[in-house]
Amino acid sequence: MAKLVRGFRDIFGPEAAALTALESSARKVFKLYGVSELRIPTVEQKELFVKATGTTTDIVQKEMYSFEDAGHRLLALRPEGTPGVARAYIENNFAQGSPVQQFFYIGNMFRAERPQAGRYREFEQIGAEFLGNPAPAADAQAILLLKDIMKDFGVKHYSVKINSLGCEKCRPLYRQALIEYLSSSKDDLCDLCKDRLERNPLRVLDCKIDGPKFKESAPKMALCPECEEHFSQVKKLLDGKIEYIVDPCLVRGLDYYTRTVFEFQAGESSQNAIAAGGRYDTLIKSMGGADIPAVGWAMGAERTCAALGSLPDCGEKKVYVVSLEKDCNEYAFNIMQTLRDAGIITEGGLFDKNIKGQMKQADRTKASLAVIVGGTEKERGTAELKDLTSGEQKEYLISELAAAIKNIK
Ligand code: ATP
Ligand code: MG
């Protein structure tokens, strides 16, 4: 028998329900913000991620599922959504009408990392990208959009950290300062970070091994006046609308971030980031597009569901239909369809089992009501409606059954 591949999962029961509920919350809030859906493919050219996500990232260095297809094309399962969105934006000439576009995506991502709680090889991301708006209002909207999804879904306990990584003007100075600082401890760096030191020293601070060692004492970013102004405007727009912490140690693992970066965190583990994002003003241009600024984020759906704990009981009642005799099976089956037509959640149809077996199944499905029919009911055009909590039972005409069920609190 074939087995599940390590790091991949079957998702069912309450977790599947929570993911679906999160997706509905997200879709509802995206609509409120005028963000429209972009369905990007699961497979892209490997080169897209190498170039966009960046060669010094964990994703490209260690985590990508890449392969050669039968046509000798070098492809990869998407490890994140932003490069695909950026590619689609350029390739479909979305900027032609207006460069300002707001997209969201919902889909599974793939990363070959070491599986552990909250870290899977296939996981779901819900992401948003605000393209074409350089103003601090775009950064603030992106962050508030994420907050509103958390609120609608019901996640209460999380913290929001923000920082600015500067721009092409101020970052080089900071890079240099970091390289100097980290070079004195080069022997203490992990092998990957030794290699990253010169190419992208910010990555060292985001490394799971070396970050905690050097983050606190490393020199902090000194922003140029424009970046300083941008960051203070973002903070001003957020003030009073969301609680946040300015964390000068917050750096992000991806190569493309500029200016604002942020992370929503829940809990203390190293899998505590439930969502993360930032501004990426140079990415579209670096990929061959126009000079289009952008800001976006991606939320880890499984981690966000875990941060919720359990889904509140939605209190929807379910009906289970039971047939007492073979002759009534069709009659019972038709009742099931009538109730569904009336919008009532209905299960049943296990008519080969005796009453005990059918009632046991009613219990398993957590139905609160049973509709029971036998020869007498069929003859009279009625059904018995049983409240499975109180045990109370009453006969109703089929024409009145749905209304009676809806009336029960
Ligand atoms: P981490 O620091 O935990 O490795 P990351 O920086 O790699 O996260 P991003 O690329 O920013 O994560 O992805 C955004 C979000 O996607 C994360 O905040 C997290 O919630 C989720 N995520 C990332 N990798 C995984 C994974 N392997 N399994 C489940 N969720 C993940
Ligand atoms: Mg990671």
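The values are calculated or read from the model by the stated rules, or taken from the named source; none is laboratory data. Values in this document were obtained by computation on a predicted structure and should not be read as measured data. Heads up, the Cβs are rebuilt from the backbone with ideal geometry, glycines too, and the neighbour counts pull from every protein chain shown. Heavy atoms of the whole protein, side chains included, go into the accessibility calculation; ligands, DNA and RNA do not. Shrake-Rupley method; radii C 1.70, N 1.55, O 1.52, S 1.80 Å.
How many of the residues making up region 119-141 are out of contact with any helix residue (DSSP H, G or I) (no Cβ under 6 Å at 6 or more places or on another chain), more than 20 Å from F94 (Cα to Cα) and within 16 Å of ligand 1 (Cβ to nearest atom)? The total comes to 5.
Selection over region 50-97 of residues that are acidic (D, E), farther than 17 Å from A298 by Cα and either surrounded by 13 or more Cβ atoms within 10 Å (Cβ to Cβ) or within 16 Å of ligand 2 (Cβ to nearest atom) (or both) gives a count of 1. Inspection of region 138-149 identifies no residue that is in the same structural domain as K241 (by TED's automatic domain parsing), away from ligand 2 (no atom under 16 Å from the Cβ), open to solvent by less than 40 Å² (accessible area, probe 1.4 Å) and assigned to a loop (DSSP other than H, G, I, E, B).
Quick check: anything in region 196-216 closer than 30 Å to Y105 by Cα, modelled with pLDDT of 90 or more, under 29 Å from the mean Cα position of the chain (by Cα) and open to solvent by less than 70 Å² (accessible area, probe 1.4 Å)? No, because not a single residue in region 196-216 is closer than 30 Å to Y105 by Cα, modelled with pLDDT of 90 or more, under 29 Å from the mean Cα position of the chain (by Cα) and open to solvent by less than 70 Å² (accessible area, probe 1.4 Å). Each residue in region 27-47 was checked for being under 28 Å from A140 (Cα atoms) and surrounded by 13 or more Cβ atoms within 10 Å (Cβ to Cβ), and 8 pass.
Here is a yes/no grid of residues against (1) away from ligand 2 (no atom under 16 Å from the Cβ); (2) in the same structural domain as Q96 (by TED's automatic domain parsing); (3) outside any strand (DSSP E or B); (4) not small (G, A, S):
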| residue | (1), (2), (3), (4) |
| --- | --- |
| R252 | no, yes, yes, yes |
| T260 | yes, yes, no, yes |
| F264 | no, yes, no, yes |
| S270 | no, yes, yes, no |
| K285 | yes, yes, yes, yes |
| A298 | no, yes, no, no |
| T304 | no, yes, yes, yes |
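Being modelled with pLDDT under 95, more than 15 Å from ligand 1 (Cβ to nearest atom) and in a loop (DSSP other than H, G, I, E, B) is the requirement here; does E168 meet it? Give the derivation first.
Details: modelled with pLDDT under 95: yes; more than 15 Å from ligand 1 (Cβ to nearest atom): yes; in a loop (DSSP other than H, G, I, E, B): yes.
Against the criterion (modelled with pLDDT under 95, more than 15 Å from ligand 1 (Cβ to nearest atom) and in a loop (DSSP other than H, G, I, E, B)), E168 qualifies.
Taking P79 as the residue in question, decide whether it is in the same structural domain as Y257 (by TED's automatic domain parsing), assigned to a loop (DSSP other than H, G, I, E, B), touching a Pro at 6+ places or on another chain (Cβ under 7 Å) and not charged (D, E, K, R). Full working, then the answer.
Numbers: in the same structural domain as Y257 (by TED's automatic domain parsing): yes; assigned to a loop (DSSP other than H, G, I, E, B): yes; touching a Pro at 6+ places or on another chain (Cβ under 7 Å): no; not charged (D, E, K, R): yes.
No.
Only one of R121, R203 is within 16 Å of ligand 2 (Cβ to nearest atom) and not assigned by TED's automatic domain parsing to the domain that holds F104. Can you tell me which?
On the way: R121 fails: not assigned by TED's automatic domain parsing to the domain that holds F104.
Matching residue, one of R121, R203: R203.
Restricting to region 260-291, count the residues that are charged (D, E, K, R) and either more than 27 Å from N92 (Cα to Cα) or within 16 Å of ligand 1 (Cβ to nearest atom) (or both). Talk me through it step by step, then tell me what you get.
Going residue by residue through region 260-291, those that are charged (D, E, K, R) are 263, 268, 279, 281, 285, 291.
The next check asks that each one be either more than 27 Å from N92 (Cα to Cα) or within 16 Å of ligand 1 (Cβ to nearest atom) (or both); those that pass are 263, 268, 279.
Selection size over region 260-291: 3.
Scanning region 289-345 for residues being open to solvent by 10 Å² or more (accessible area, probe 1.4 Å) and within 30 Å of A383 (Cβ to Cβ) gives a total of 23.
Could you tell me whether region 292-300 includes any residue that is more than 16 Å from ligand 1 (Cβ to nearest atom) and at pLDDT below 95?
Pass one, region 292-300, residues more than 16 Å from ligand 1 (Cβ to nearest atom): 292-293.
Within this subset, residues satisfying the condition of being at pLDDT below 95 are none.
Within region 292-300, none of the residues are more than 16 Å from ligand 1 (Cβ to nearest atom) and at pLDDT below 95.
If you go through region 259-288 and keep only what is among the β-branched types (V, I, T), farther than 24 Å from G118 by Cα and open to solvent by less than 10 Å² (accessible area, probe 1.4 Å), you end up with T260, I284. Where strands (runs of 3 or more DSSP E) fall entirely within region 307-399, those with at least 1 residues that are without any contact (Cβ under 8 Å) to a residue 24 or more places away in the chain and not assigned by TED's automatic domain parsing to the domain that holds K147 are at 382-387, 393-397. Listed by first and then second residue, the pairs linking a residue in region 103-119 that is free of Cβ contacts under 8 Å to residues at least 24 places away in the same chain to a residue that is within 10 Å of ligand 1 (Cβ to nearest atom) and among the small types (G, A, S), with Cβ atoms under 8 Å apart and 6 or more places separating them unless they lie on different chains, form an empty list.
Would you call I179 of a type in the set (V, I, T), open to solvent by less than 40 Å² (accessible area, probe 1.4 Å), part of a helix (DSSP H, G or I) and away from ligand 2 (no atom under 16 Å from the Cβ)? Yes. Run down F49, F104, F8 and say which single residue is within 16 Å of ligand 1 (Cβ to nearest atom), within 27 Å of G132 (Cα to Cα) and within 18 Å of the chain's Cα centre (by Cα). Result of the check over F49, F104, F8: F104.
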